[in-house]
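Report on the following structure.
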Amino acid sequence: NSQGNNRIHWISWRQICHPFVEGGLGIRDMDTVMQSLQSKFAWLFLQGQSLWAQIVRSKYGTWHHVLHKGIKPSSSHCWKAIAKHLPLISNNTRTIIRSGNSSFWKENWM
């Protein structure tokens, strides 16, 4: 506080993030929110159909390029955060062949 006295925190942040019915204040945990946002961007990157994904792919390369070459130290903080979610998203998805536009060597086959 402003007088320099330390105060006791009577409730943990984790408890504050619980819903009202569980005794919390219903505040969303920002770490969880950021992880979901970064996972969503990783999913959009892997899908590759949006303008954003095309721009990021032209700057940083394809998913396979990122997998083999790794993340450049000069990459932006935002891209590094998104790229760390790429293996999780890639390993937990599957490809459904419809039009035949799939790579046998690069896709995650089950």
> What trypsin sites (Lys or Arg not before Pro) does segment 8-53 have in DSSP loop regions with at most 16 other beta carbons within 10 Å?
Replying inline: 28
> R0 = 30 Å: FRET efficiency of residue 15 with residue 55, Cβ-based, nearest 0.05?
Replying inline: 0.15
> Going from most exposed to least, what order do 8, 89, 55 have by accessible area with a 1.4 Å probe?
Replying inline: 8, 55, 89
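Leaving out ligands and nucleic acids, note down the accessible area per residue over segment 32-94 with a 1.4 angstrom probe, in whole Å². The partial results should precede the final answer.
Details: 4270 Å² over 63 residues.
Here the per-residue accessible area is 68 Å².
The values are calculated or read from the model by the stated rules, or taken from the named source; none is laboratory data. Model, not experiment: these values are computed from the prediction. Cβ sites come from the backbone with ideal geometry, for glycine too, and all protein chains shown count toward neighbours. The area values use the complete protein model at the heavy-atom level, side chains included, leaving out ligands, DNA and RNA. Shrake-Rupley method; radii C 1.70, N 1.55, O 1.52, S 1.80 Å.
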